[in-house]
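Shown next, in structure tokens, is the structure this report addresses.
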Amino acid sequence: MQEFFIITKRKISSEWSLNELKDEYYAIEYCEQELDIPEEFIGDARMTNMGLEIMIECDAEDLEYDNDWYMQLMRIANHSSSSALAS
């Protein structure tokens, strides 16, 4: 299952430079350090005009025991699943 999240620029921690997050390495670092997303679930992360776009790749089983990071991401980001993107 792929899920797509966008964190608007105003919700990004002020400790991080938006220009710095345009580099994919730093965008992924932000996801890991600030959002506590485990590295193995980050399919892609990049800064765009809309904000920080994050593609998460996981199954429901993956979230069965460790889902605190996922619940926080759902609270702070705009979200859509891959099925919604296909329509």
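Summary of values
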quantity: Counted residues, region 33-53 - those being more than 9 Å from the chain's Cα centre (by Cα) and of a type in the set (Asp, Glu); calculated: 4
quantity: Enumeration of residues in region 1-14 that are under 17 Å from Met50 (Cα atoms) and either assigned to a strand (DSSP E or B) or of a type outside the set (Ser, Thr, Tyr) (or both); calculated: Glu3, Phe4, Phe5, Ile6, Ile7, Lys9, Arg10, Lys11, Ile12
quantity: Output for region 35-70, where each listed residue is surrounded by 15 or more Cβ atoms within 10 Å (Cβ to Cβ) and in a loop (DSSP other than H, G, I, E, B); calculated: Leu35, Ile37, Gly51, Cys58
quantity: Residue that is surrounded by the fewest Cβ atoms within 10 Å (Cβ to Cβ) [pool: residues in region 71-87 that are outside any helix (DSSP H, G or I) and at pLDDT 85 or above]; calculated: Asn78
quantity: Residue in region 15-29 that is surrounded by the most Cβ atoms within 10 Å (Cβ to Cβ), counting only those that are part of a helix (DSSP H, G or I) and in contact with a strand residue (DSSP E or B) (Cβ under 7 Å, 6 or more places away or on another chain); calculated: Leu21
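The values are calculated or read from the model by the stated rules, or taken from the named source; none is laboratory data. Treat the numbers as computed from the prediction; the structure is a model and nothing was measured. Every residue, glycine among them, receives a Cβ derived from its backbone with ideal geometry; neighbour counts consider all protein chains shown.
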